[in-house]
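Worksheet: one structure, shown below.
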Amino acid sequence: MQTSPPVFFKQGPKPLTRLLIFSTLSIAMIVGDAQYAMLGRIREQVSVLLYPLQWAATTPFATLRNTADFLSRQSELMSENRQLNDAQLAARAQAMKLKAVEAENATLRGLSERRSTVGQPSQLAEILYNGRDPFTSRLIVDRGQQQGVSAGQIAIDASGVVGQVVRVQPLTSEVRLISDRNQMVPVVVERNQLRTVVYGMGAHQSLEVRNMAPNVDIKPGDVLVTSGIDGLYPVGLPVARVLKVERGAAFARVICQPVAAVDQHRFLLLLDHRSDMPPYPEAASQPAATNRKGS
């Protein structure tokens, strides 16, 4: 009868012996690695072998973290973009206001200079709105009877004649522009003092001098100024500039452009013009006509 166990049941060294052996090997490897870097190559190889596992374990967490950071940055960028857009819109609005104020100041300075050169009483009027009739060229201003405005007063801007007051209300007045079909202004050619009359042709259109001789001494570029012979317009106010002259067989047609910015006003000057011209001698002509009739 066999008293010893089979070979495959043998357990080898005792646990205490194995503990001592492995402890000794561990201490030797620690000391050797610390003193002589014996395990450096082995550690590198192991890290290379374990990198795929490390990457597979850390990639999901890194992806989630990067996604959260991306969404957070996107939200911050969108918020910052909205703030920048709001600031840009506010800056544009402020710039437009500044440009409007600058243009208004330039207009007022020009009117102030014009007032000093005209040399007669005037008052500043602000345009409220255009006239309601689309077939006429008229403006409504914020000066009326209570401010001393009367029909017939002349409206000018910094460049020249704009129109004439034709209707007065207690607080407002209606100004008929020189471009209106029913408006005509006695003028002279500044270059040679040729007297004529300039007529309006309608809203947003040029002016016209009619019934001139074909050989009349007028040419493009001539400036037409008020003649003052009607007793309403002061002498020497710029009215229009000749654009072209169409010479026909019977008459010459002269097309002019208003000197004043007729369609670009906000403020006007209303001249308090009082004519010193004597009245038309109708009374003196009546007796003569009576005597002729009696004879």
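The values are calculated or read from the model by the stated rules, or taken from the named source; none is laboratory data. Remember, it's a predicted structure, so these values are computed and weren't measured experimentally. As a convention, Cβ positions derive from the backbone with ideal geometry for all residues, glycine included, and neighbour counts pool all protein chains shown.
Beta carbons closer than 8 Å, at least 6 apart along the sequence or on distinct chains, never pair a first residue in the stretch 92-108 that is in the same structural domain as Val262 (by TED's automatic domain parsing) and in contact (Cβ under 8 Å) with a residue 40 or more places away in the chain with a second that is surrounded by 10 or more Cβ atoms within 10 Å (Cβ to Cβ) and among the aliphatic types (A, V, I, L, M). Name the residue that is surrounded by the fewest Cβ atoms within 10 Å (Cβ to Cβ), counting only residues in the stretch 235-250 that are over 35 Å from the mean Cα position of the chain (by Cα) and in a loop (DSSP other than H, G, I, E, B). The residue in question is Ala249. Among the residues of the stretch 148-164, those that are in a loop (DSSP other than H, G, I, E, B), polar (S, T, N, Q) and in contact (Cβ under 8 Å) with a residue 24 or more places away in the chain comprise Gln153, Ser159. Consider Leu111 carefully, then state whether it is within 17 Å of Ala260 (Cβ to Cβ), under 33 Å from the mean Cα position of the chain (by Cα), surrounded by fewer than 16 Cβ atoms within 10 Å (Cβ to Cβ) and at pLDDT below 90. No. Scan the stretch 201-234 residue by residue and report those that are at pLDDT below 90 and part of a strand (DSSP E or B). If the condition is that a residue be at pLDDT below 90 and part of a strand (DSSP E or B), then Arg210, Asn211, Met212 are the ones that fit. Picking from residues in the stretch 121-147 that are of a type in the set (Asp, Glu) and assigned to a loop (DSSP other than H, G, I, E, B), the one that is surrounded by the fewest Cβ atoms within 10 Å (Cβ to Cβ) is Asp133.
For Arg115, the conditions (1) assigned by TED's automatic domain parsing to the domain that holds Pro258; (2) touching a residue at least 40 places away in the same chain (Cβ under 8 Å); (3) among the charged types (D, E, K, R) all hold with the exception of (1).
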